[in-house]
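Here's the structure, in structure tokens; my notes come after.
The values are calculated or read from the model by the stated rules, or taken from the named source; none is laboratory data. Bear in mind that the values here come from a model prediction, so they are computed numbers and not experimental data. We place every Cβ from the backbone using ideal geometry, glycine too, and count neighbours over all the protein chains shown.
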Amino acid sequence: MIYVIIFFILVFIIAPISLLFHEIGHIVGSAFMRASTIRLTIGLGKPLWHTKFANIEIVIRRFFLINSVTSTVRNTPFRKREKIFITIMGPLFSGILTLMTYIAYHALIASDILYVFFLFNLWLLIINLIPFKIGHKQSDGYTVCSLVIHHFKMKRIKSA
């Protein structure tokens, strides 16, 4: 019975908080790179809630547990290293949350829920660093690798 409760806590509390924290990393990176528009979309389907403050727009859709994405726009296009910075900030924030939950588990209270919180964030960190693409969806690791490979290809073409 306790595992069912932990599962529901994972799906309805831990995962959304962790994904939001990851996306906040991209938002922070975008803000550092002076993006003119930052849009955080949580979920798929029909929009349920929408708000905007400053240059940040937040949209929560019907199936909010499935998907989250941050998109950024700037009047002058982002350079490759700026795109890499924005992209890597998501996994960095996941890593920070992983470290925080690990420390809390070992220093404060060794609960099953906190341990699941740690494991989910560790998984989120690792899975986002692995370069993969499924359809139109790609991991942060894939984005960074693509940008780095493109940089070296262009460098090689210029030197030839």
Is it the case that some residue within segment 120-139 is more than 14 Å from the chain's Cα centre (by Cα), free of Cβ contacts under 8 Å to residues at least 60 places away in the same chain and more than 23 Å from S68 (Cα to Cα)? no
Checked pairs for segment 25-45, first on the phi < 0 side of the Ramachandran plot, second β-branched (V, I, T) and in a helix (DSSP H, G or I), C-beta under 7 Å and 6 or more apart or across chains, list as H26/I86; G29/I86; S30/I86; M33/I86; I38/I27; L40/I27
State whether one or more residues within segment 36-50 are surrounded by fewer than 14 Cβ atoms within 10 Å (Cβ to Cβ) and under 16 Å from I127 (Cβ atoms). no
Test set (1) touching a residue at least 60 places away in the same chain (Cβ under 8 Å); (2) in a strand (DSSP E or B) - F63 fails condition number: (1)
Looking at segment 110-139, which of the residues that are more than 20 Å from F8 (Cβ to Cβ) and among the aliphatic types (A, V, I, L, M) is surrounded by the most Cβ atoms within 10 Å (Cβ to Cβ)? L125
Can you confirm whether N75 is surrounded by fewer than 16 Cβ atoms within 10 Å (Cβ to Cβ), within 20 Å of F120 (Cα to Cα), out of contact with any Cys (no Cβ under 7 Å at 6 or more places or on another chain) and of a type outside the set (A, V, I, L, M, F, W, C)? no
Taking S18, is it in a helix (DSSP H, G or I), surrounded by 11 or more Cβ atoms within 10 Å (Cβ to Cβ), touching a Lys or Arg at 6+ places or on another chain (Cβ under 9 Å) and of a type outside the set (D, E)? no
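Matching residues to (1) of a type in the set (S, T, N, Q); (2) modelled with pLDDT of 95 or more:
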residue	(1), (2)
A104	no, yes
D112	no, no
F118	no, yes
W123	no, yes
N128	yes, yes
K137	no, no
Y142	no, yes
S146	yes, yes
